[in-house]
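A short write-up of the structure that comes next.
Here, each number is a calculation from the coordinates, and none is a lab measurement. Here the structure is a predicted model, which means the values were calculated and not measured. Virtual Cβ from ideal backbone geometry, glycine too; neighbours counted across all protein chains shown.
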Amino acid sequence: MNKLGYNNNYFKYLNAIIAMIFGLFRKKKTAKTPENQPVEIEKTLSPENSVADEQQPQSVDIPDTTAFRQPENATEDKQQPQSVETSDTTAFKQPENVAEDKQQPASVETSDTTAFRQAEKINIPDIESFRQAKQAATPVIQTPEPEPKSEPEPEPAKKSGWFSRLKQGLTKSRDKLGKSLASVFGGGQIDEDLYEELETVLLTSDMGVEATERLLSDVRKRVTLKGLKDASELKQALKEALRELLQPLEQPLVLPEKNGEPFVIMMAGVNGAGKTTSIGKLAKLYQSENRTVLLAAGDTFRAAAREQLIEWGNRNDVAVISQEKGDSAAVCFDALEAAKARKTDIVLADTAGRLPTQLHLMEEIKKVKRVLQKSMPDAPHEILLVLDANIGQNAINQVIAFDDALGLTGLVLTKLDGTAKGGVIAALAARRPIPVRYIGVGESIDDLRPFVARDFVDALLPD
């Protein structure tokens with residue numbers, strides 16, 4: 001028993017000594033690290049155990065000496081963490097092994113939590129793949145798009161009639177005359193004061209003294225015959241008097257039947273009146289009547305007059321006889337000879353613009369007429385004077401001068417849409433009643449039409 005007790009005490013002492021030595025060893029090792037900081041033990045992570053190392057803390061393999069630990073050592077064991085975590089294991093994570101970080105998306109841009117939970121279970125490399133997978137899994141219901149309704153094609157705007165364009169072209173003249181006559185025809189008795197007001201209105205509308213006197217005399221007669229007493233009834237009497245004054249001017253140009261010989265029309269006028277433009281419009285008008293036309297570029301004085309007429313010929317598909325340099329009479333003669341050879345129906349001869357005050361220039365235009373008569377004795381068959389309506393009463397002086405020099409057979413009154421002096425046509429009817437063949441109320445190729453007295457008066461003085 002003594003030996004056995006001795007042996008037991010021996011082992012107790014031996015175990016105590018071993019425990020003390022092991023305790024001293026642990027105290028020295030712990031003193032080297034800062035207080036309350038776990039010991040960092042570096043361990044190389046391999047790809048196959050990186051995930052396991054992160055999930056399980058590293059443990060130190062120490063012999064079981066729990067039985068030999070003293071109470072003071074037990075306190076140290078409680079303070080000492082049983083598992084030691086590495087300082088930065090994230091740096092050792094390989095992209096293919098970090099499954100947990102990649103399984104949970106950083107942010108899912110949807111309010112559907114079910115889809116997010118499904119994303120945790122499915123190994124999707126990134127958000128875009130998750131969205132593509134969701135779209136692939138979601139059935140797409142395609143609804144047939146309604147067929148676009150074909151819009152009806154807009155109908156082409158109908159071209160307004162001639163009277164509408166005439167009325168629109170005379171807007172300025174009508175407004176000026178209408179505002180002035182509104183005070184005259186506003187009401188009251190017909191007396192001498194009323195006639196004086198009417199006379200003033202007619203004179204300021206460029207109707208001239210002769211035309212105004214004739215109109216007033218005619219209105220007085222109508223008032224007496226019809227027994228008119230109210231001023232409002234005077235407007236109809238004025239319209240009838242003006243229509244009667246302008247009626248002699250309504251003589252449309254009648255073209256002869258086709259006989260194989262050309263019908264020569266000679267155009268005259270001052271510079272800027274619109275001769276060349278009127279020739280282009282007349283060519284279009286005669287073509288619409290199934291007539292062949294030839295143009296003579298006889299205005300060799302004005303710059304670019306030849307090129308302008310050639311352009312009109314190209315628009316209407318009409319031949320143009322011209323010379324770069326030459327006499328106006330020679331160009332017209334060559335054009336007439338060409339028309340006779342081609343059996344052309346109509347020849348429109350342009351001439352240089354001449355001022356009626358320059359007698360030597362008027363002699364040159366007389367020469368054109370004489371040269372045309374050498375080629376064809378009865379040519380020219382028509383001599384038209386082109387007048388700019390903007391010049392007002394000066395148009396009378398031009399008509400008198402050109403009529404005395406050439407013997408005019410008709411007038412072409414242009415640019416009525418740009419002036420308030422449309423009443424000048426009444427002055428022409430009173431002073432020199434030469435037929436007004438055509439009037440122009442616009443820049444369009446169809447805005448030159450034969451003059452009709454009733455339409456002109458109705459557009460100038462509407463009811």
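Of note:
- For the residue pairs K235/K421; K172/K235; K172/K226; K275/K343, the C-alpha atoms sit more than 27 angstrom apart in K172/K226.
- Summed residue charge, Cβ within 14 Å of G227's Cβ, Lys/Arg positive, Asp/Glu negative: +3
- Listed pairs K239/K281; K281/K415; K325/K369 exceeding 22 Å between Cα atoms: K239/K281
- Summarised as an ellipsoid, the stretch 316-377 has semi-axes of 23, 13, 10 Å, derived from the eigenvalues of the Cα gyration tensor scaled by 5 and square-rooted, with the largest first.
- Above 23 Å, the calculated P(r) of the stretch 231-372 contains 42 percent of its Cα-Cα pairs.
- Label-to-label distance for L14 and A338 is 14.6 nm, based on points extended 7 Å past Cα in the beta-carbon direction.
- For the pair K229 and N397, label points projected 7 Å from Cα toward Cβ lie 4.9 nm apart.
- Local net charge near K176, Cβ-Cβ under 14 Å (Lys/Arg +1, Asp/Glu -1): +1
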